[in-house]
Structure formats: structure tokens, C-alpha cells
Amino acid sequence: MRFGSREGITVKYFFHTFGCRVNQYETELLRTRLKGEAAAGFAEADVCVINTCTVTREADRDCLRLLRQITSKNPSARVVVTGCYATRAPEEIRAAAPHAVIAGNGQKDDIPALLGCGTLSPDDVEPAALSGRRSHGGAKGISGFHGHSRAFVKVQDGCNMECAYCIIPSVRPEMTSRPLSDVLSEVGGLVENGYQEIVLCGVRLGRYLVSDHSGPVSKRVDFVGLMERLLALPGDFRVRLSSFEITDITDRLLRVLASSQGKFCPSFHLPLQSGSGETLKKMKRWYSPEFYRRRVEALRQVAPEAGLFTDLMAGFPGETRDEFERSLEFVEALYFSGLHVFRFSARAGTPAASFPQAAGEEEVMQRAARMRQLDVKLRTRFAARSVGRRRKVIIEDGRRGREGLTEHFLRVSLGAEARDLTGLRWARVTAHEGPLARAVVD
């Protein structure tokens, strides 16, 4: 059935995204290309598009649970499953949703054609799985971001590192960067359409590197060069970075931050994984705690109040209790603003999947619980530091009603005066209860 060509009939789509901001951007790009109407839920949809994550076992299970629900409650829907889990284990998805079209990361551009929205007919391909080739067609960008006041923009894809625990290099192995002109055009269009915060994302965001052929001489443009050009675009907007590696916090980048006059948000998510040098070596991470500390100190010389967040893993195989304690001490001493805590999840095909585990499951759970307790402490301290301060917030709908997100990535609850407000506004943080802060728009 060619959904894109059914004359006089509006197709209802249900989209669901698991995982990172790269996935969220790629779902939005698909939404842009698949013309139709948003369904209230998967039970009312003609087509369900599920963009998957496979970083942890929990991510896999969440995806399979949703697919079984769709298959049970809406068996007539056309189901398309894409993303990292679809790339890594299509047979597991097939067991949960036998009639699904499975399109790995390299085939996302083909999905509109598979549904009859392009030149490729779905009858021309095997619906169970595609060939594994990487396609190069499709829209160059988005003009809005459904349901968000901030717009995520993917500029880079792929990772070629060999962290012992990570499956991502096997499902997104090709290091690619979007053409500079495409990124500038997309961001410029989003700003013109009223988006005042742009969140740049990539699997290894700091590894962005392209050749710019716009001038008489071709020039190489790295991530810092991209930031310089983005910040020079006209309009009242700011740029925030998604996850970024500590080794990409260069002095050049910090100089751009210092001179950006508020357009470069001073908030950084810099994955650490462990504050123990021994554990980092086992993980095959490429920096030491001492290097990480020095770069954070350099960052804080430029932006003393910067929000600083990190990933922290509990229970990596071989992590001793002493290494865990030293890791916790390192994290607390570095004065983070918040932590993303997760337990080690063995991924078949990664070296760490076969490493002997030094701690039992109960011990790992206790370590994760202590990390989360520290997270609450750090976030409470982060919120308390802002009380009485005037911050610039992007207003959006949140879990607690109308909320604002400061330039430092502190989420604040706003009062009734913000009900009809949008965009960037100045607000004063008035109070906090633990990590939850409140503010009033000036």
C-alpha cells in the first residue's frame, strides 16, 4: 500500500523515539518528509515509526514492549522500526513484530519511499530487512521541531573509538559531518521560524570536520569553525551543545565561548564514566582523571558558573570497591551540577561483555544508589547557587507546567505570568526545594 499516494485520504502517523538527541533529530526529519497527520496514539495510527536505541538492555526491552503493544492493539497498522537496535538485532525485533519493516541506520533515508512517499515502491524491496547499504537521498533539514520550543540539529554522525563497553561504533561506525552550508541554512531557517535555542548534536559532536568550498580557496572547517559561523548568524538566539567529549574542550573553543556574548550557552555534558584512572583504563577511555580535571578548570576560568553534567557508570566489570570510592570522591570534588547514572549493561560484541565481574548485582545496585544520592546533592547545590540570580530562560512546557531552562541548564518552574509567554526571557530565580527551582519572569 502506497500511503503517500492515497488520494483524498489523510494518513495518521505515530512516531516514538528512544534514546539520544541524534535519534530525536532523525525522527523529526522523518516527520518532515512523511506528510500526514499526527495520530493521538499508536492505537489510532495508520503508520507507526519507532526509532530505537540499543545502548542498554533496558533500551532494548522498552522498544520490544512498545512493539508488542502496537502489534496487539493495532494489528492493521504499518510498523516501521529503525535506529540502532534495528541495526544491531533485527531478528529480535522481527520476533516481537513479525510484519514490521526494519530499516537500519543506513536506510533511514529510504523510509519515505518504502511508505510510498518517494520514487521507490515498497514492493521493490524485501520488507523484513533492507540490504545494509547507506542511502544519500532525502531532505536536507528541518524547519521546525514538533512539540518543542528548542530545536535539535544534528551536524555529525558516527564514532570510531573502541570503548570496551560501547556498542555504538558497531551500529554507527561511519564518521560523517554534514556540509557547512546545509547546517547554516537549517539553523538560519529555524531562527527565522522563531526558534531561539538551537541544540547541536552528534555521536562525536566535537569531531565535526568538513571542507568549505564557498570561497576562492577550499578551507577545512572543524567544530570550532562551525561554532564561529553559527554564532555570526543574525537573530536573537543561542546555541547549546549536547554531549561533548572532554578532549574536545580546547582552548580555541573556550575563546569562542568567552567572546560569544551569551549566544554560546555555558552548559556542558562531558561524559566521565569513572573518576578512577584504573577503571578508565579498563574501559579503554582515552583520558585520565587528571586530564579531565585540568580541562574542567580551564573551562571554569572562562565560565565560572557553567553548568557541568556528566555520565557515570556503576558496576563496570573489574571495578573494585576502592576504585568506586575514589571515583565518587573525584566526582564530588569536581563540583558537577548533575549526574546521569546508569549501571553497566553487557552488550554482545563488545570486549567488556566477556570481562569477569568483580561485584555482585546487589553491590552494583548499591553503588548506583549512592551515585544517585550524590546526583541529588549536586543538583540541589546547583539550584541553590542560582537563587537570587537573574537568568535568561527559554520557556517551554514541562512536567510541572510552564518551565524555563536557563543558559546554565537549570530547569526552573515558572508562575502563572509565563502562561502565554514564549521564547527567551529574563527571569529571577526566587527559591528552590532540593534540586527543584522556581523563578519569576521579569
**Asked** So which of ALA369, ALA437, ALA431 is surrounded by fewer than 19 Cβ atoms within 10 Å (Cβ to Cβ), outside the structural domain of PRO266 (by TED's automatic domain parsing) and either of a type in the set (Ser, Thr, Tyr) or not in a loop (DSSP other than H, G, I, E, B) (or both)?
**Response** ALA431
**Message:** When you check THR320 against the structure, is it out of contact with any Leu (no Cβ under 6 Å at 6 or more places or on another chain), in the same structural domain as CYS265 (by TED's automatic domain parsing) and among the β-branched types (Val, Ile, Thr), yes or no?
**Reply:** yes
**Fill in**
Screening GLY116, GLY19 for residues that are surrounded by fewer than 23 Cβ atoms within 10 Å (Cβ to Cβ), more than 24 Å from ALA353 (Cα to Cα), touching a residue at least 60 places away in the same chain (Cβ under 8 Å) and small (Gly, Ala, Ser) leaves only GLY116
**Request:** Find the residue count for the stretch 401-436, including only residues that are out of contact with any Lys or Arg (no Cβ under 7 Å at 6 or more places or on another chain), over 18 Å from LYS263 (Cα atoms) and among the small types (Gly, Ala, Ser).
**Result:** 4
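Here is a yes/no grid of residues against (1) within 24 Å of ASN193 (Cα to Cα); (2) touching a strand residue (DSSP E or B) at 6+ places or on another chain (Cβ under 9 Å):
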{"position": "GLY360", "(1), (2)": "no, no"}
{"position": "ARG379", "(1), (2)": "no, yes"}
{"position": "VAL387", "(1), (2)": "no, yes"}
{"position": "LEU405", "(1), (2)": "yes, yes"}
{"position": "SER413", "(1), (2)": "no, yes"}
{"position": "ARG419", "(1), (2)": "yes, yes"}
{"position": "GLY423", "(1), (2)": "yes, yes"}
**Complete:** Heads up, the helices (runs of 4 or more DSSP H) in the stretch 239-343 (entirely inside) with at least 3 residues that are farther than 23 Å from ALA164 by Cα and under 23 Å from the mean Cα position of the chain (by Cα) are 251-258, 289-302
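One line per residue, one yes/no per condition, for (1) among the polar types (S, T, N, Q); (2) in the same structural domain as VAL191 (by TED's automatic domain parsing); (3) surrounded by 18 or more Cβ atoms within 10 Å (Cβ to Cβ); (4) modelled with pLDDT of 95 or more:
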| site | (1), (2), (3), (4) |
| --- | --- |
| PHE324 | no, yes, yes, yes |
| GLN357 | yes, yes, no, no |
| GLU396 | no, no, yes, no |
| HIS408 | no, no, yes, yes |
| ARG411 | no, no, yes, yes |
| GLU417 | no, no, no, no |
**Request:** Taking LYS392 as meeting all but one of (1) out of contact with any Ser or Thr (no Cβ under 8 Å at 6 or more places or on another chain); (2) closer than 19 Å to LEU308 by Cβ; (3) touching a residue at least 40 places away in the same chain (Cβ under 8 Å), write down the number of the exception.
**Result:** (1)
**Selection within the stretch 354-366 - without any contact (Cβ under 8 Å) to a residue 24 or more places away in the chain and not in a helix (DSSP H, G or I)** = GLY360
**Item:** The lone exception for THR422 - which of (1) loosely packed, with under 14 Cβ neighbours inside 10 Å; (2) among the β-branched types (Val, Ile, Thr); (3) modelled with pLDDT of 95 or more it fails
**Value:** (3)
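The values are calculated or read from the model by the stated rules, or taken from the named source; none is laboratory data. The model shown is predicted, which means the values in this text are computed figures rather than measured ones. Reconstructed Cβ throughout: ideal geometry from the backbone, glycine too, with neighbour counts over all protein chains shown.
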